[in-house]
Amino acid sequence: MKSSKINGRTTAKMDQGSIQQSRRGLLVFFIWLIPLTLLSYVLAINVSPVFGLLLMWAPGLSSILTRLMLREGFANISLRFGGILTLKTLPFVLLFPVVVGSLAYGFAWITGLVDYVHTSGSFIWALMGSVIYQMFAGTLFGVISSAGEELGWRGYMLTRLITAGVPKPILTSGLIWGAWHIPAILLGSYYSGQSLGLSIILFLITISSFNFVISHLRLSTGSIWPAILLHASWNAVIQDSFDLSTSGENAYLWTGESGILVALVMLFAVRVFSQRSQLMQHKI
């Protein structure tokens with residue numbers, strides 16, 4: 001009995017120590033993230049858009065500097081490939097943005113809410129060629145930038161929110177990730193529709209929903225690579241294929257990451273994904 005109490009107290013102290021360490025890590029992470037983000041915006045606006053890459057690497061650099069300062073090490077970044085669990089996610093990683101884009105943008109094109117744009121060839125073949133290219137080549141090149149965000153958001157912040165005991169860590173991480181993009185929306189350089197307020201609300205819905213999916217991939221596989229690849233695939237397929245094939249006065253109202261239709265499809269995707277996750281857990 002005495003031994004049990006001692007072990008219980010020891011475990012409690014270890015848990016409390018882990019909570020405090022995680023909270024300290026989050027504090028230092030944000031202390032680095034804020035100035036690096038501001039610096040990236042200043043350089044991108046006043047010097048060259050090339051510094052947009054530095055902006056995408058601000059979370060990753062912040063996590064690396066935090067790990068170095070607090071001597072946390074790099075073992076729990078989860079850069080290991082993850083074996084069969086990661087391989088099983090690859091079809092989903094490549095096809096998820098295609099399905100979301102087809103449903104949201106396809107409905108907008110067919111109903112005339114926005115216009116479909118292509119330079120040559122038929123509607124179907126032009127779109128298919130663009131999507132297939134972005135699924136593979138675009139995703140591959142996109143890893144360079146998406147890795148910067150994922151090392152910070154899912155490679156550090158998410159896990160620290162969980163171990164720090166923050167309520168609803170996945171939702172919280174999604175809102176933080178979304179808020180980090182808001183300056184770009186306000187500056188009119190990123191999915192800024194006619195109503196900035198509405199654009200921000202819809203964007204937060206979309207990004208929080210996407211974060212739910214990408215976070216569950218990260219946690220269920222124990223590897224950061226599915227998150228990096230899905231982030232790269234999303235940017236390539238949605239931004240460089242579906243967005244570039246869309247025009248019209250209300251394009252950012254109905255489509256894009258701040259569009260009504262994309263937000264609705266993403267909410268539906270979260271519902272389906274969460275039900276499937278619960279079913280798999282039940283079977284296990």
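No lab work stands behind these numbers, since they all come straight from the coordinates. Since the model is a prediction, treat every value here as computed from it, not as a measurement. Please note: Cβ atoms are built from the backbone with ideal geometry, for glycine as well, and neighbour counts cover all protein chains shown.
Report, to one decimal in Å, the Kirkwood hydrodynamic radius for segment 93-134 based on all distinct Cα pairs.
For segment 93-134, the Kirkwood estimate is 11.0 Å.
Against the longest principal axis of the chain, how steep is helix 52-70, in degrees 0 to 90 to the nearest 10, with axes from Cα atoms?
Roughly 0 degrees between the two axes.
Ratio to report: Rg/Rh of segment 171-283, with Cα atoms as the point set and Rh obtained by the Kirkwood method; give two decimals.
The Rg/Rh ratio comes out at 1.00.
What whole-number distance in Å separates the alpha-carbon centres of segment 141-202 and segment 91-120?
A separation of 23 Å, based on Cα centres.
Suppose a student asked you for the relative contact order of the chain, using Cα pairs under 8 Å spaced at least 6 residues apart; what percent would you report?
Working: 348 pairs, mean separation 76.3, N = 284.
Over the chain, the number comes to 27 percent.
For segment 63-170, just say rounded, prolate or oblate: build the C-alpha gyration tensor, square-root its eigenvalues into a ≥ b ≥ c, call rounded for a/c under 1.5, and beyond that prolate if a/b exceeds b/c, oblate if not.
Working: a/c = 2.76, a/b = 2.23, b/c = 1.24.
Cα axes put segment 63-170 in the prolate bin.
Kindly give Rg over Rh for segment 112-210, based on alpha-carbon atoms, with the Kirkwood expression for the hydrodynamic radius.
Here the Rg-to-Rh quotient is 1.07.
Taking one equal scatterer on every alpha-carbon of segment 81-283, how large is log10 of I(q)/I(0) by Debye at q = 0.18 1/Å?
-1.35
Could you tell me which of rounded, prolate or oblate describes segment 209-264, using a ≥ b ≥ c as the square roots of the eigenvalues of the alpha-carbon gyration tensor, with rounded for a/c under 1.5 and, failing that, prolate when a/b is larger than b/c and oblate otherwise?
Oblate shape, in that a/c is at least 1.5 and b/c is the bigger or equal ratio.
Could you work out how far the C-alpha centroid of segment 43-80 sits from that of segment 208-247, in angstrom?
19 Å
On a 0 to 90° scale, report how tilted helix 196-221 is relative to the longest principal axis of the chain, with both axes built from alpha carbons and the result rounded to the nearest 10.
For 196-221 against the chain, the angle is about 50 degrees.
What ranking, highest mean first, results for peptides 179-189, 220-230 when packing means the other Cβ atoms within 10 Å averaged over each residue?
By packing density, highest mean first, the sequence is 220-230, 179-189.
Among Thr163, Thr139, Thr255, which comes first, second and so on when ranked by fewest other beta-carbon atoms within 10 Å?
Sorted ascending by nearby Cβ count, the order is Thr163, Thr139, Thr255.
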